[in-house]
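Take a look at the structure set out below.
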Amino acid sequence: MPSLGRLHLITDTRPGRDPLAVLRAALPVAGAELVVQVRVTDDATDREAYELACRVVEACRPYGASCLVNDRLHVALAVGAAGGHVGADDLPVSAARRVLGPQAVLGATAREPAGARAAVDAGASYLGVGPCHATTTKPGLPDPIGPEGVRAVAEAVRVPVIAIGGVTAASVPALRAAGAYGVAVVGALSAAADPAYATAELMRELTC
């Protein structure tokens, strides 16, 4: 399995956002520590997801950064991404592992120890854990679990835990202290006035 970067940037394809501009700002700062999770809105077509993922894979290559595709694993295979990520309503982790093969990076969503262990046993190579804090990026999420919820999961598994949900540079130290290997962000970069500076702030906290 390829090595996993500590900063996961989830593409924000909502109206008014420019995920590729944010990516171009973040890549020179984070380099190989950047993992780009291509996530599109539910109403996006597979062609739209494919075209965005192709451009992300191409942009990442010179920096050694990784591209994963959320939910649409056939798109991950089609563009030669490093792997994919599945949530609670997507394919079961065991099925996703069969689709992607044994060497791909496969992330799964978890928020408590039992579910986390089950996901790892089924083939997850890392876990996205949260939401850690309140966020408006994705509707319908359960209540935040905070750093202590992250700690409970991190202590239950031996794969990297990526904290997600309302993450900012200021919240990274507590999440890292709780056992998070890294963090995943959307608004912290896509809504930043200066995404390159925001990336540098996140990387400073992740690597100190």
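Brief remarks on what is shown
- Scope segment 115-169; condition outside any helix (DSSP H, G or I) and of a type in the set (D, E, K, R); matching residues: K138, D143, E155, R158
- Considering only residues in segment 20-41 that are of a type outside the set (V, I, T) and assigned to a strand (DSSP E or B), the one that is farthest from A81 (Cα to Cα) turns out to be L34.
- Only one of the numbered conditions (1) surrounded by 22 or more Cβ atoms within 10 Å (Cβ to Cβ); (2) among the aliphatic types (A, V, I, L, M); (3) in contact with a Gly (Cβ under 7 Å, 6 or more places away or on another chain) is not met by A116, and that is (3).
- Any hit, segment 141-156, residues being at pLDDT 95 or above and either hydroxyl-bearing (S, T, Y) or closer than 20 Å to C67 by Cα (or both): no
- Hey, A95 more than 13 Å from the chain's Cα centre (by Cα) and in contact (Cβ under 8 Å) with a residue 60 or more places away in the chain or not: no
- Residues satisfying the stated conditions in segment 79-93, i.e. out of contact with any Gly (no Cβ under 6 Å at 6 or more places or on another chain) and either under 19 Å from A30 (Cβ atoms) or surrounded by fewer than 22 Cβ atoms within 10 Å (Cβ to Cβ) (or both): V79, G80, A81, A82, G83, G87, A88, D89, D90, L91, P92
- Only one of L189, L141 that is open to solvent by less than 10 Å² (accessible area, probe 1.4 Å) and not hydroxyl-bearing (S, T, Y): L189
- Flag if L127 is in contact (Cβ under 8 Å) with a residue 40 or more places away in the chain and either touching a helix residue (DSSP H, G or I) at 6+ places or on another chain (Cβ under 8 Å) or on the phi > 0 side of the Ramachandran plot (or both): no
- Residues in segment 1-29 that are small (G, A, S) and farther than 18 Å from A180 by Cα were compared, and the one that is surrounded by the most Cβ atoms within 10 Å (Cβ to Cβ) is A26.
- The listed residue being touching a residue at least 24 places away in the same chain (Cβ under 8 Å), open to solvent by less than 30 Å² (accessible area, probe 1.4 Å), aliphatic (A, V, I, L, M) and under 15 Å from S125 (Cβ atoms), out of A65, A76, A44: A76
- For V167, the conditions (1) in contact with a helix residue (DSSP H, G or I) (Cβ under 9 Å, 6 or more places away or on another chain); (2) surrounded by fewer than 20 Cβ atoms within 10 Å (Cβ to Cβ) are fulfilled apart from (2).
- Subset of segment 30-41 [surrounded by fewer than 22 Cβ atoms within 10 Å (Cβ to Cβ) and under 12 Å from the mean Cα position of the chain (by Cα)]: none
- Residue list for segment 42-70, filter: in contact with a helix residue (DSSP H, G or I) (Cβ under 9 Å, 6 or more places away or on another chain) and assigned to a loop (DSSP other than H, G, I, E, B): A44, G64, A65
- Within this structure, R61 fails the test of being at pLDDT 95 or above, of a type in the set (K, R) and within 17 Å of the chain's Cα centre (by Cα).
The values are calculated or read from the model by the stated rules, or taken from the named source; none is laboratory data. Since the structure is predicted, the reported quantities are computational estimates derived from the model, not experimental observations. When we count neighbours, we look across all protein chains shown, and the Cβ atoms used for this are built from the backbone with ideal geometry, even at glycine. The protein model used for the area step is the full one, side chains on, heavy atoms only, and it has no ligands, DNA or RNA in it. Shrake-Rupley method; radii C 1.70, N 1.55, O 1.52, S 1.80 Å.
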